[in-house]
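Since the structure comes first, as structure tokens, the remarks are kept for the end.
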Amino acid sequence: MASTASVAIGVVTFEVLLIRLGFYLVNAKSAPWLDFVAFRGYKFVGLVVSLLIGCIARFMYFPLLVYSATMMGLFLIRTYRRILLPSDQGSVGLTSADTATRNYFLLFIALLQYPLYWLLSVKP
């Protein structure tokens, strides 16, 4: 139990630091630390639902895990898009290269969910 909690805390810390670094590198305004940590907590809802359904129907575990990771990625894209790509881009002065870089960063965040979900679901 302690090793699972340690892995979970490590994954959340790693992801928050990686997202903060990404916001710095794409030169975007940042959000408060607790917002980043709170968004990471939603990941555990999908994991718990996957585990519960996996106990009932074993064959549904991995498809549901992939579905949960996909939905978490979409949630993060939609949430961070408001911060990274504000609607009044003319006043911010974003070039098309800046917008493309920020879109790739959003895609990276979404794709990062798959290995993190797998890491959290594997028994240590």
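For the chain, the per residue solvent-accessible surface stands at 63 Å², with DNA, RNA and ligands left out and a 1.4 Å probe. Candidate membrane-span-like segments in the chain, meaning DSSP H helices with Cα atoms spread over at least 20 Å of their own axis and a Kyte-Doolittle mean of -0.5 or above, are 2-25, 43-56, 61-84, 96-121, with no membrane implied. Rounded to the nearest 10 square angstrom, MET60 shows an accessible area of 70 square angstrom against a 1.4 Å probe.
Panel note: the C-alpha atoms of the chain, placed on their principal axes, show extents of 53, 27, 18 Å (largest first). Give me the percent of the accessible area of the chain that comes from carbon and sulfur atoms, probe 1.4 Å, all protein chains in place. After summing per-atom areas, the C and S share lands at 71 percent.
The values are calculated or read from the model by the stated rules, or taken from the named source; none is laboratory data. All figures in this text were calculated on a predicted structure; none of them were measured in a lab. For accessibility, only protein heavy atoms count, side chains too; no ligands or nucleic acids. Shrake-Rupley method; radii C 1.70, N 1.55, O 1.52, S 1.80 Å.
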